[in-house]
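The values are calculated or read from the model by the stated rules, or taken from the named source; none is laboratory data. These numbers come from a predicted model, not from an experiment. Note: ideal-geometry Cβ built from the backbone for every residue, glycine included; neighbour counts use all protein chains shown. When the accessible area is computed, the model is the full protein with side chains, heavy atoms only, and any ligands, DNA or RNA have been set aside. Shrake-Rupley method; radii C 1.70, N 1.55, O 1.52, S 1.80 Å.
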Number of protein chains: 2
Amino acid sequence: MNYRFSARLGSFSSSAVREILKLTQGDSIISFAGGLPAEEHFPVAAISEAFGRVMQLGNKALQYGLTEGYLPLRESLCKRMAGKGMNVTPDNMLITTGSQQVIDLLTRVYIDPGDVILVERPTYLSALQVFRSYGAVPVSVNGDSDGIDLDDLKAKIAKHKPKMLYVIPTFSNPTGRVWSEERRRGALELCHASDTLILEDDPYGELKFGDSSRKYPSIFALDQHPEGSCVVYTSTFSKTVAPGLRTGWALGDAEVIRQMARAKQAADLQSSSLDQQTLHQLLEHFDLDGHIEFVRKEYEARMRQMADLIRQHDWPGAVWEEPKGGMFFWVELPETIDTAELLKSAVEQGVAFVPGITFYADNPQTNAMRLNFTHNDAAGTVAGMERLSKALAAVLV
Amino acid sequence: MNYRFSARLGSFSSSAVREILKLTQGDSIISFAGGLPAEEHFPVAAISEAFGRVMQLGNKALQYGLTEGYLPLRESLCKRMAGKGMNVTPDNMLITTGSQQVIDLLTRVYIDPGDVILVERPTYLSALQVFRSYGAVPVSVNGDSDGIDLDDLKAKIAKHKPKMLYVIPTFSNPTGRVWSEERRRGALELCHASDTLILEDDPYGELKFGDSSRKYPSIFALDQHPEGSCVVYTSTFSKTVAPGLRTGWALGDAEVIRQMARAKQAADLQSSSLDQQTLHQLLEHFDLDGHIEFVRKEYEARMRQMADLIRQHDWPGAVWEEPKGGMFFWVELPETIDTAELLKSAVEQGVAFVPGITFYADNPQTNAMRLNFTHNDAAGTVAGMERLSKALAAVLV
């Protein structure tokens, strides 16, 4: 049999993170690579209890359900979203298999081959993979520690007439940065004026450090919404409850959501009824905000530990800042260092990270690396940073 | 905001089944429409126990997992597949969110716009929707009660040079028919000779009636396999355990599976860890074959009840046969009757079915209907058939 794969196959190069994840599963490598939450903090007892409540609902709980998602879950989530300034009804919400699927479905219904999608520089690599698989052309927009560069955004909108802008404004992957409100409002204005749809990816927004009363309003909340919004917002339970329940959601104009639901029907009919109902029971009977507060403090402590270790190891020429939330450090090394090469010696030393090169839509920088600080415990982080320093010392010779 | 959806949007017309399902949820309509298993037979106690075992595995059970699927589940499934003459390793298997996702992923990696996909006449409507969404042109091949018409298949392969053939050879949706082994071998030979990939969809194969020792070997089992097979096989737990666990799988050549896994990574990273692990524990500790034997007998009884009712009501000019397995009756009415029109009066009478028109790739027949016999209990089936007869009498006047 001579297999004749489609032309789009080339776009599905396996993501470096996932391949590394595969290599490092269950062996002696300390990984700062994956965006993994700390599994020891998963609320397993509460999930078990929630599952028990689902089973009490009877057999119907395990039947086929609506493509749009389990209605009581959507209703609970609407209340939760209202608390964050996003006033939506269940018709403005689609439940998905993680927020990754939101990226896929929105691209599927909105993008034609050749369309330009503006993205941050750098940005989430698996979003780039999705965009390219539908024939879109991702083009990067510059940014700094306050968020996207509005002049560059304006220029790129004028030049490329993009259909979409994909952003992670709150504790970005990979840089950990958070946009100022001014940048959020500025981007919104430019996109409204040019009919550019914003896909606002917010997996990390709940993981904020420091003063917990500090608010970072979503771009969706700042826009007229839900109907007529130029933003589709997505978030997930993967970082606040557990990734294994694979449940995310999209918010947006009801017509945009309806089109995404049709595409989802073709893609997989619906996401797991069991996961959705378990999460609904969890939202109704568990202090999720208290749990998030706990996780947030744990992650902040881990972030500070890693920051202290980076300072102690004093890598020559390293440029980085303490993230205000999220899961990642972004470390730029001297331009002579190719972090893809560094990864090879790092893995020999028994430590992994993600080389910066994978996060660029165009003109990649080769001297940065992304370090996850949420997954390893204190001893693992100490040992991993030690190994990483050795690998770095070897290439700096 | 002026939304600018993609050109492929037109292909995502919402499936009639799902729309009817939506209308009939929780109200007084008796539905023969959806392909729903009988929820009262879901093995809920065993699922609860399996979930308990997963929770005992510790928090890691809820972490991100491999895109390819939970390895122990793939290993258990390999053993199960070997018992059906399909000798595969975990590298030949991808775990998905139901077998619907297999159709989507294989189409994504294999089909370019304009490619022809041959399908049965009639065939599963949500497969047609997926194919069209990727720009494929589905072309139907004639068949009879022994399966696909080999002469027509040969002619259509010669004429259209298709990239793929999509079939449900065992208890087809919508017709309930089962292919003879001769037709299976004949189709395989024609496809091998022309490098046509066969997507063999087998959601119903376990639901066989009559002598349970009777075997219907899959086309995949009849082919050289796994490597170099011209078949990708897919099945699901949706009909044997419960649809709400949303778990299906694909079997095929390792390279084809690898490409599908890459596409899945972009689509949703992975399917629910919780569902996969629960199913793995179920396979290890529950008598699934005993359960299937029980369900099979229940469904056969329901099928016979509906057959008796069709005979009793004696619809003028109705042509149908008793299915040897699966979930559906396919009833052809006199050509003067448009079943899409009939559905309207049926819904007024309080009963629903799926009009045949939705199941055709081309030149649709308008006088058939698909009736599901697995979901309703005996009283519901009696009442529903009564209502359907009234609706039919009204249009026959």
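At-a-glance table
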item: Position B:D211, label points 7 Å along Cα→Cβ, spacing to each other copy in nm (shortest first, one decimal); result: 8.1
item: Debye, to nearest 20: dipole size of the protein assembly as shown, +1 on Lys, Arg Cβ, -1 on Asp, Glu Cβ; result: 400
item: Value of relative contact order over the stretch A:110-157, rounded to a whole percent, pairs C-alpha under 8 Å and six or more apart; result: 39
item: For the stretch A:241-258, 3J(HN,Hα) per residue [Karplus equation, 6.51 cos²θ - 1.76 cosθ + 1.60, θ = phi - 60°, Hz, x = Gly/Pro]; result: 10, 6, x, x, 7, 6, 10, x, 8, 10, 10, x, 3, 4, 5, 5, 5, 4
item: Whole-Hz ³J(HN,Hα) from phi, Karplus 6.51 cos²θ - 1.76 cosθ + 1.60, for the stretch A:327-343, glycine and proline x; result: 9, 9, 9, 10, 10, 9, 9, x, 4, 6, 9, 9, 5, 5, 5, 4, 4
item: Copy-to-copy label separations for B:G58, where each label sits 7 Å from Cα toward Cβ, in nm and ascending; result: 4.0
item: Accessible-area order (highest first, 1.4 angstrom probe) of the listed residues B:I168, A:I30; result: A:I30, B:I168
item: For the axis carrying chain B to chain A: nearest C-beta residue of B, whole Å; result: B:S272, 2
item: Under-5 Å amide H pairs with A:S31, H placed in peptide plane, nonlocal only; result: A:A352
item: Most fluctuating residue given options B:E341, B:E181, B:E332, as computed from a GNM of chain B linking Cα atoms under 10 Å; result: B:E341
item: Under 18 Å from the Cα of B:K84 - lysines, other chains or at least 8 residues apart; result: B:K208, B:K215, B:K239
item: Other copies of A:S194: label-to-label distances in nm, shortest first, labels 7 Å along the beta-carbon direction; result: 4.8
item: Neighbourhood net charge (11 Å Cβ-Cβ; Lys/Arg +1, Asp/Glu -1) for A:L288; result: -4
item: Beta bridges by DSSP in the stretch B:44-285, antiparallel share as percent, to the nearest 5; result: 40
item: For chain A, built as a Gaussian network whose Cα springs stay under 10 Å, the top-fluctuating residue of A:D223, A:D152, A:D253; result: A:D152
item: Note, ³J(HN,Hα) from phi for the stretch B:115-127, Karplus 6.51, -1.76, 1.60, rounded to Hz, x at Gly and Pro; result: 5, 8, 10, 7, 9, 6, 10, x, 8, 5, 5, 6, 6
item: Dipole-positive endmost among B:M303, B:P162, A:G34 within the protein assembly as shown (Cβ charges, Cα centre); result: B:P162
item: Only Lys, Arg (+1) and Asp, Glu (-1) charged, at Cβ; chain B dipole about Cα centre in debye; result: 740
item: Summed residue charge, Cβ within 10 Å of A:G58's Cβ, Lys/Arg positive, Asp/Glu negative; result: -1
item: Cα gyration tensor shape for the stretch B:323-397, rounded if a/c is under 1.5, else prolate or oblate; result: oblate
item: Dipole in debye (nearest 20) - the stretch A:142-301, about Cα centre, beta carbon charges: Lys, Arg +1; Asp, Glu -1; result: 480
item: Subset of B:K161/B:K264; A:K264/B:K156; B:K79/B:K264; B:K264/B:K344 violating a 29 Å alpha-carbon distance limit; result: A:K264/B:K156; B:K264/B:K344
item: Separation of alpha-carbon centers, the stretch B:166-202 and the stretch B:224-269, rounded to whole Å; result: 17
item: Most mobile listed residue (A:G83, A:G384, A:G350) in chain A, GNM with C-alpha springs under 10 Å; result: A:G83
item: Alpha-carbon centroid distance for the pair the stretch B:308-386 / the stretch B:116-163, whole angstrom; result: 23
item: Additional length obtainable on full extension of the chain from A:D289 to A:D195, 0.36 nm per residue less Cα span; result: 30.3 nm
item: Amide H contacts of B:L207 (H built 1.01 Å from N, under 5 Å, at least 5 apart or other chain); result: B:G326
item: Within-9-Å neighbourhood charge of B:L197 [Cβ basis; K, R +1; D, E -1]; result: +1
item: Other-chain or far-sequence residues with amide H under 5 Å of B:H225's (modelled H); result: none
item: Candidate residues A:E386, B:E189, B:E68: accessible-area rank, largest first, probe 1.4 Å; result: B:E189, A:E386, B:E68
